[in-house]
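Structure, as C-alpha cells:
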Amino acid sequence: MTSETTTPMIGRAIKRREDPKLITGQGNFLDDVKLNGMTHAAVLRSPYAHARILSIDTQKAAALPGVVAVFVGKDLLDVNPLPCAWPAGGFKNNMNTPRAMAVDVVRFVGEAVAVVIAEDRFIARDAIDLIDVDYEPLAVVVDPEKATQPGAPQLHENAPNNVVVEWSAGNREGTNRAVASADVVVKERIINQRLMATPMETRGSIARYESSTNEFTLWTSSQAPHVMRLLLTAFVFGIPETKLRVIAPNVGGGFGQKIFVYPDMVFCMWISRKIGRPVKFVEDRSENFKSSTHGRDHVTDVELSGTRDGHITGLRVKTYAGLGAYLSTIAPGVATTLYGRIITGVYKIPNVSIDVIATYTNTAMVDAYRGAGRPEASYLIERIVDRFAAELGMDPAEVRRRNFIPPTEFPYDNGLGLLPYDSGNYAPALDKALANVGYADLRKEQATLRAQGRYLGIGISSYVEICGVAPTAWANGQGWGAGLWESANVRIHLTGQVVVTTGSLPHGQGVETTFAQIVADELGVPYDSVLIEHSDTAGTPFGYGTYGSRSLAVGGTAMVKSARKIKEKAKRLAAHLLEANPEDMIFADGKISVKGSPDKSKTFGEIALYASVGASMPDGEEPFLDETTYYDPPNCTFPFGTHISVVEVFPDTGAVEVKRYVAVDDVGNIINPRIVHGQLHGGIAQGMAQALFENAVYDDNGQLLAGTLMDYAIPNAGMLPDFEISHTVTPSPVNPLGVKGAGEAGTIGSAQCIMNAVIDALSPFGVRHMQMPATPEKIWHATRG
Amino acid sequence: MARITVTVNGKSHTSDVEDRTLLVHYLREQLSLTGTHIGCDTSQCGACVVVVDGQSVKSCTTLAARCDHAHVTTIEGLAQEGNLHPLQEGFWECHGLQCGFCTPGMIMSAYDLLQQNPNPSDDEVRHGLEGNLCRCTGYHNIVRAVQYAAAKMRGEEVSAPNV
C-alpha cells in the first residue's frame, strides 16, 4: 500500500471486476462443478396436479445398469418438511410446506415423486422412464379466488377453503364512507398474472457427505447460502448448523427464485449421506418452470374514489393471492406486507382499506420474484389512477401531480403499517420524465396520428418501492422469522491488502465491484487492493443474503461501518506511535496525521504493517486491523421515479411497438452509474415482458401450458427497445451512503407504464382496461369491440 | 458409439462418443470446456452457441457424432495469445453482461453475426441475436457491446458510451 492520494471511486462508472472470468468461459457455475465419485440425480415428477399416490414400482429403474439407487418420498420421512420463515398475518395451524418428495398425495404438476441416482445424468434420466406410479387423480383448482369458493377441491385438511391467511390493513370504515360518498368512483378487476423468474441458469444442488466427520458440503445456486445452512440443518435435518457448509458458485441470475430452500437441496444431502457419494442435481428448463417458485398471481378488485377535480379520497382493495400448493420460504409475507402496506404508492390517500386472502392452489409455489409484492402494488395503484384520470378526462400526469405526497411531509406515514417512507420528492422526477420524453409535443403528435387512423399511446407510471427491508424488530412484527441485518468483516492484512467478507453476495449485480469502490473510498486505499469475499459459509460471517435490493443499503453500509471502526483503531495506533492524543488524529488521503502537524504522520500501510506484526501494541489493544459489523438499518429505503413509455398499436395485427421508454429513477446516491443503469435496464425489461409477453398459465387440470421456453415468452433482443435512463437524486437519510437500491425499481415501475400506454392507445376504441399480457390477439379483439 | 476427431479451439481431440451425445455435453463433460452453457431444453436460449466450421450453432441441438473432422470454436478459444477478442472487450467495456450465464453463447452468436455483417445497424444486431436469451440486461448494453466490437474490428477508435 502506498500513501499516495487515491482517486475517489464512488460515482465512477468503472467496468466490473467480475467480468474477465465470465467473458472467457472461466465462470464456475453449479453445473461446472465436478467432484470425485460424483453421482447424478434425476427426478420423476408428478404429471398430475392433484392425485393420490397408490403405489410406486421402482424395480425396473433400479435394475438398469449404471443406476446406483432409487428413492421415494417414504424413504425420507426421517427429515422434516421445508420450513416457511415468514408466516405473515399470524397463522399457525395451516402451514403446509413441501417435503423433499411427495409421500401420499401430489398437489401440483412437477412435484417430486422419486429420485434416481446413477453414474451419469443420461442413465438417470433413462431410468426415470422405467418407474411405474399408480395415481388416483383428484379434483383440481388453480385459480386463487375459485379455490376459496364452496365446493372447491381441498388441498390440505387443515386449511378450510384453501385459505392460508386473511390479512388486512388500513381503515375499513373510513374507506367505506369515502367510497360511498364520493363524486367519482372507478372500479376494476385487475389481474396480476403468474410469472416465472427464468434465471438463465436453472437451479440445482450438489451435496457431499464426509462420513468421518458427519459433515455436509452443499453447492447450490443460491442468493442466501447462510440462510440455506440454517434452514437445512436446524429445521430440516435436525443436525448442528456447523455440520453443513454451503457454497454458492457463480449464480446465473436469481430474481428471487434462488432465495428459497428447495427439495433438491434436501434429497441431494440425504442421498449423499445414504450412499456415501456426492450427488448432483441440476434442473432442466422445464423442471425449473414446473417446480421452482413462480411470482405474482393476484386477482384483485379495486375501487378508487375521488373528486371531480382529481383528488383521490379513497382506495378499497380486495386481493386473492395464489401461493401454490405449499408455502415457499417467505411466500406469505410477499403477498401481504410487501404488497398491502405500499398499496397507496406515491399518493396521499386519506382512506385506504386492503384485504388479502392468500390461498393454496394446485400449482407450483409462488414466492418473491423481482420486486416481490411491490410490482403488484404499483401496477394496481398506477392502473387505477390512470383509470380515474380517464374517467375525469384529465391528463394522467396532472392527476398524479395533484395527489403526490408533498415533499414537506417526509418522513411520511401512509397509515398502512409501514415505517414512514424515508424520503421522497416525486414531482421533479415526473417533470424530468415529461421533459425528457417531450410530453406536450407527444400529445399533439398523438392527436395528429389519431386523425390519420394511427394509434399512439403514452403511458405514465410514478412509483415508489421498498428496499432493504428493516429493521429486524419491525420485520419480526410482520411475522418474519429471522433477522434482516447484514454482516461485513473488514481486515487489513500485513501487506496492506484489504479483505472484506460479507453475507451479501452477487448473482449478476456486480457488487464485488460496487463494494470495493465503497471500501476503497472509505479507507482511502487503491480500489485494486480491496478483495471482496462472499458466497461461502466457510470464511464469511453469517448474513442474510441478497434479495429485496438490500445488498448495498444494508450490506454496503455494514462495510462502511467496519471500515470506520478500522480507521478509529488506526488512529489510536498512529497516535501511540506518534505520541499524540488519538482525538487529535486525522485520517485522510491514506495517512493518519496529527491535527495541525501534517508532517507528523503514518501512512495507513505503515499502521497495517505495525498492527499485523503486533510486536509492541499499546496497552489494551489487540494486534491486527479486523472489524466486523452486523448492521440492522433503522428503516427501509424508498426509491421512486416516473417512467413514461410511448407505444404504437396496430389494429390490423394487434401488434404493439414500444417506440420510446424514458425512465427517471431516484435510487439515492449512485456508487457505479454503469451498474445502476444495467440494473434498471434489466428490471424494466422484466416489467415490460409482463405487460406484453409473459404468462405462466395453467389449464383447469393444473397443467402448466407455458412449460418450456417455446411457450413462455421471455423477450429476445428484437422484442425490446433501447432505454433512456436518467435520475433525480434524493439521498436516503437511513444509511451513511445515502443509497436506496436499484435491483427491482425498474420492474416495479414498468409493467403499468407499458399497459397505461397500450390502453391509452386503445382509448378511441373505448378500452379502459386490459389484463396483462397485452398480446396481439387481445388487442386485435379490443379494436373490434 | 462413434469415434470422432474434432479440432476444438485449435487442438485436436479423438474421442469415443455415444450416438446420442450432444455436442454441448461432449464439450462440457468429456473435454471439460464448461464455458459453453445449457439454459434450456428446447433450443430457445442460445447459452450453448459455439462456432462450428465458421458458423454459429446451438450445440444442444447438434450431435457430437456429426462433428467428426469439424473445427469448433468455443468461448474459451476466442481470446488469442492473452488478448481479449473485441467482442469480449466490448461486453466488458459496455457492461453487456450481468450474471454472465448467457454471455458465452451471446458472444459466439455475435461473432457469427459480425462475420456476416461487419457494419450492422442496432436493429440488425437485435434481430441477429434473437436466438439468444438474456434475462439480466434487457439487451440495451448487449447492443452497445456488439457495436463496440464491430467498430473495433473495422479498425475504428472506440470507447464505451457514457452513462
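All of the numbers you see were taken from the coordinates with simple rules; none came from a lab. Small disclaimer: the values here were computed from a predicted structure and weren't measured. All Cβ positions, glycine included, derive from the backbone under ideal geometry; neighbour counts span all protein chains shown.
Tabulated data
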item	result
Mean shadow area of segment A:411-482 over all directions, Cα convex hull, nm²	7.6 nm²
Inverse of mean 1/r across different Cα pairs in segment A:742-785, Kirkwood, Å	11.2 Å
Debye, to nearest 20: dipole size of the protein assembly as shown, +1 on Lys, Arg Cβ, -1 on Asp, Glu Cβ	840 debye
Mean separation of Cα contacts under 8 Å (6+ apart) over length of chain A, as relative contact order %	16 percent
Rg to Rh, two decimals, where segment A:469-536 supplies the alpha carbon set and Rh follows Kirkwood	1.09
Rule-of-thumb Rg ratio for the protein assembly as shown [Cα; 2.2 N^0.38 Å; N residues]	0.94
Reachable aspartates and glutamates from residue A:778, criterion Cα separation under 16 angstrom, eight or more residues apart if same chain	A:648, A:652, A:657, A:694, A:760
Exposure proxy order (Cβ contacts within 10 Å, fewest to most) of A:327, A:704	A:704, A:327
Exposure proxy ranking, count of Cβ atoms within 10 Å, fewest first, for A:203, A:454, A:17	A:454, A:17, A:203
Residues A:311, B:95, A:226 arranged by fewest to most Cβ contacts within 10 Å	A:311, A:226, B:95
Computed FRET value (nearest 0.05) for residue A:156 with residue A:59, which takes r as the C-beta separation and R₀ as 30 Å	0.40
Convex hull volume per residue for segment A:353-437, taking Cα atoms only, in Å³	167 Å³
DSSP beta bridges in chain A [antiparallel fraction, %, rounded to 5]	80 percent
Two-decimal log10 I(q)/I(0) for segment A:175-238, as the Debye equation yields it once each C-alpha is a single scatterer, q = 0.18, 0.22, 0.27 Å⁻¹	-0.84, -1.05, -1.20
Helix-only mean residue ellipticity at 222 nm for the protein assembly as shown, each DSSP H run of n ≥ 4 adding -39500 (n - 2.57), per residue, nearest 500	-8000 deg cm²/dmol
For segment A:141-183 and segment A:697-743, distance of Cα centres in Å	28 Å
Distance histogram for segment A:657-765 (every C-alpha pair counted, 5 angstrom bins, percent rounded to whole numbers)	2, 11, 18, 18, 15, 14, 10, 7, 4, 2, 0
At q = 0.21, 0.25 Å⁻¹, base-10 log of I(q)/I(0) for segment B:1-78 (Debye sum, equal scatterers on each alpha carbon)	-0.86, -1.25
Note, ³J(HN,Hα) from phi for segment A:618-629, Karplus 6.51, -1.76, 1.60, rounded to Hz, x at Gly and Pro	x, 4, x, 9, 8, x, 6, 9, 7, 9, 10, 10
Cross-link reach list, aspartates and glutamates versus residue A:432, counting only Cα pairs under 16 Å and skipping chain neighbours closer than eight places	A:398, A:441, A:665, A:666, A:724
Cα centroid separation, segment A:322-367 to segment A:208-245 (Å)	30 Å
FRET E, pair residue A:134, residue A:14, Förster distance 60 Å, beta-carbon r, rounded to 0.05	0.50
Residue among B:64, B:149, B:79 with the largest mean-square fluctuation in a Gaussian network model of chain B, springs linking Cα atoms under 10 Å	B:79
Segment A:406-480, relative contact order in percent, only Cα pairs under 8 angstrom and at least six apart counted	17 percent
Pairs of lysines in segment A:240-399 (C-alpha under 21 Å apart; 8 or more residues apart or interchain)	6
Kirkwood Rh and Cα Rg combined as Rg over Rh, evaluated for segment A:450-601	1.20
Residue A:327 long-range amide H proximity, modeled H, under 5 Å	A:96, A:97
Shape call, segment A:99-204: gyration tensor on alpha carbons, a/c limit 1.5	prolate
R0 of 35 Å, Cβ-Cβ distance residue A:211-residue A:697: FRET efficiency to nearest 0.05	0.15
Cut-off 15 Å between beta-carbons: net charge of the residues surrounding residue A:346, Lys and Arg +1, Asp and Glu -1	-1
DSSP-assigned coil residues among trypsin sites (Lys or Arg not before Pro) in segment A:30-134, each with at most 11 further Cβ atoms within 10 Å	A:92
Global geometry of segment A:1-153, whether rounded, prolate or oblate, following the gyration tensor of its Cα atoms and the 1.5 cut on a/c	oblate
DSSP H segments from chain A that extend 24 Å or more along their own axis, Cα-based, with Kyte-Doolittle mean of -0.5 or above	A:374-392, A:557-578, A:673-692, A:745-762
With Cα atoms, 0 to 90° folded angle of helix B:140-153 axis to chain B main axis	90 degrees
Of all DSSP beta bridges in chain B, antiparallel share, percent nearest 5	90 percent
Residues with amide H under 5 Å from that of residue A:313, placed H, sequence gap 5 or more	A:305, A:306, A:307
Three-way shape label, segment A:572-726, alpha-carbon gyration tensor, a/c 1.5	prolate
For chain B, fraction of C-alpha pairs farther apart than 20 Å, in %	48 percent
Sequence-separation-based contact order of segment B:44-126, relative, with Cα cut under 8 Å and 6+ spacing, percent	37 percent
